[in-house]
Every structure is written in C-alpha cells, then in structure tokens.
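Following: one structure in structure tokens, then a few remarks.
The values are calculated or read from the model by the stated rules, or taken from the named source; none is laboratory data. Everything numeric in this text was worked out from a predicted model, so none of it was measured. Glycine also receives a Cβ, built like all others from the backbone with ideal geometry; neighbour counts cover every protein chain displayed. For accessibility, only protein heavy atoms count, side chains too; no ligands or nucleic acids. Shrake-Rupley method; radii C 1.70, N 1.55, O 1.52, S 1.80 Å.
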Amino acid sequence: MIDYSEKRDFIRMRVESDMTFSYNGQTYAGTCIDLSSKGMQVETDANAAIATGANIRVNIPSTHPQLPGLEADTKVLRVDALEDNRIALGLEIIAMQ
C-alpha cells in the first residue's frame, strides 16, 4: 500500500479547461490544468515575460448557459518552462469576481 499524505490545504481538481488571462493589457489563451479553492495551474504558449509576483486576471468560460464562468484576480507564484516554448503558471486566487 502506498502511504501518501496530501501536502496542500485544499485538494486540486483536474479540469483541463480552455481559458483566457489578462496580463499587462494583453489577453492570452491557455488551459487551466487543475483548480482548487485557493489556486490553479495554467499552461500557455503566451509569448510574454510573466514574472513571479505579477497579478493577472483569469477567465474560464462556462459551458452551461445558466451558470456563470469563473473570473478571478490571481497572483503568479511560480513560472515553469515546458516543452515547445510553453510555460506553466502556478496561480494563487486573490479574489473571485
């Protein structure tokens, strides 16, 4: 049996949803890979130098006409280089809109 203890306060849900985010007046496309009540991980091929500590607004549209999408102000906690000039952003949710 594997003994695993979750290190986070909140469990992350795998979502893989298309999304957009705004940074320095520009809007970029990305994919929300996972989501928790306090943060999310986003992958993007945005050609922008996004710095740790930057504030960005994210928008995950709803696929259901009667449910609103998720819009949140976030803070970049981590920027990781991926293959094919993509990056992964670790985001802390600061406020939900």
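Within the chain, what is the longest stretch that has no trypsin sites (Lys or Arg not before Pro) placed in a DSSP loop and near at most 16 other beta-carbon atoms within 10 Å?
39-85
Could you look at the stretch 35-96 and say what percent of its accessible area is carbon and sulfur, using a 1.4 Å probe and all protein chains?
48 percent
Excluding ligands, DNA and RNA, what is the solvent-accessible area per residue of the chain at a probe of 1.4 Å, expressed in Å²? Intermediate results must be reported in sequence, preceding the final value.
Details: 6710 Å² over 97 residues.
Result: 69 Å² of accessible area for each residue.
Can you give me the distance in nm between label points at Asn85 and Thr27, each placed 7 Å from the Cα along the Cα-to-Cβ direction?
Between Asn85 and Thr27, the simple spin-label model gives 2.3 nm.
Could you work out which residue, out of Ala46, Ala81, Ala72, moves most in a Gaussian network model of the chain, that is, has the largest mean-square fluctuation with Cα springs under 10 Å?
The residue that fluctuates most here is Ala81.
If Lys and Arg each add +1 and Asp and Glu each add -1, what is the summed charge of the other residues whose beta carbon sits under 15 Å from the beta carbon of Ile56?
On the way: positive: Arg57, Lys75, Arg78; negative: Glu43, Glu71, Asp73, Glu92.
My count for the surroundings of Ile56 gives -1.
What are the ³J(HN,Hα) couplings of the stretch 31-36, residue after residue, when phi is run through the Karplus curve with 6.51, -1.76, 1.60 and θ = phi - 60°? Round to Hz, x for glycine and proline.
Listing the rounded values in order: 10, 7, 7, 8, 8, 9 Hz.
Cα extents of the stretch 35-97 along the three principal axes, largest first, in whole Å?
Largest to smallest, the principal-axis extents are 37, 23, 18 Å.
Using modelled backbone amide H atoms (1.01 Å from N, in-plane), which distant-in-sequence or interchain residues come within less than 5 Å of Ala54's amide H?
Residues meeting the criterion, in which the H sits 1.01 Å from N, are Val76.
Give me the net charge of Thr44's neighbourhood, meaning all other residues with Cβ under 12 Å from the Cβ of Thr44; Lys, Arg count +1, Asp, Glu -1.
Net charge in that neighbourhood comes out at -4.
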